[in-house]
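The values are calculated or read from the model by the stated rules, or taken from the named source; none is laboratory data. Model, not experiment: these values are computed from the prediction. Note: ideal-geometry Cβ built from the backbone for every residue, glycine included; neighbour counts use all protein chains shown.
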Amino acid sequence: MNSPILQLLVLAGIAVFLILRLKNVLGTRDGHEPTSEVQGKPATRTHNLEVIEGGPDHDIIDHVPEDSESAAALAEMKRAEPSFGVGDFLGGARGAYEMILMAFERGEMEEVKDFLTDDVYASFSEVVAIRKEKGLTIEAEFIGIRDMTLASATFDDSVAEITVKFVGELVSVVRGPDGVVIEGEPGKAKRQKDVWSFERRMGVDDPNWRLVATGE
């Protein structure tokens, strides 16, 4: 075998060896894989995010206008007592409305005395006493609260006052001494509108809000 043919066979063998080594390292492309180009270290993506601290407190502005005096008063309450929440207060007011209203209808004011100021307790108790004196009895069933809105709020010298408008629905029947119905209709619900103001000194151990005024 002459020298040129021998050299050609050696070169061919080297070429086959290199091809096999490349397949082992890079794998085999089937014609459907996208090619990739290495263009140095990929650039790190950065997001231009602006961090906004504070912002509107939806626990307040969901219930009163943002720039109102009531909103400012509620914000002061939160600063005085960070655990205070407007939504939490309204949840408690909803329960207090039913509890106090039904105690009044049943004439059982002692049960809710701790949730009333002395003046409100005396006023409610006077009405209950007059009913009893006249021999009137009340049959009442609370249906529910159809609407409730925060009407106003003030904060002065650590004393918070929040006024809430309620639209309640209940069945209330008044019977005379002889059992005859003189007001209401058995089984028929009626709507009742009330405007109640609750008061509490913030930052003290007593968590109870007290009813300080009522209206329509």
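Numerical summary
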{"quantity": "Pairs with Cβ under 8 Å, 6+ apart, first in the stretch 154-174 and more than 30 Å from PRO186 (Cα to Cα) and surrounded by fewer than 16 Cβ atoms within 10 Å (Cβ to Cβ), second among the basic types (Lys, Arg) and modelled with pLDDT of 95 or more", "calculated": "SER158/ARG201; VAL159/ARG200; VAL159/ARG201"}
{"quantity": "LEU101 being hydrophobic (A, V, I, L, M, F, W, C) and either modelled with pLDDT under 95 or touching a helix residue (DSSP H, G or I) at 6+ places or on another chain (Cβ under 8 Å) (or both)", "calculated": "no"}
{"quantity": "LEU136 surrounded by 15 or more Cβ atoms within 10 Å (Cβ to Cβ) and farther than 23 Å from GLY95 by Cβ", "calculated": "yes"}
{"quantity": "From PHE155, PHE142, PHE198, PHE166, residue being in a strand (DSSP E or B), farther than 20 Å from TYR97 by Cα and modelled with pLDDT of 95 or more", "calculated": "PHE155"}
{"quantity": "Residue in the stretch 207-214 that is closer than 21 Å to VAL128 by Cβ and of a type in the set (Phe, Trp, Tyr) present", "calculated": "no"}
{"quantity": "Flag if GLU126 is free of Cβ contacts under 8 Å to residues at least 60 places away in the same chain, out of contact with any Ser or Thr (no Cβ under 9 Å at 6 or more places or on another chain), surrounded by fewer than 16 Cβ atoms within 10 Å (Cβ to Cβ) and over 30 Å from ALA80 (Cα atoms)", "calculated": "yes"}
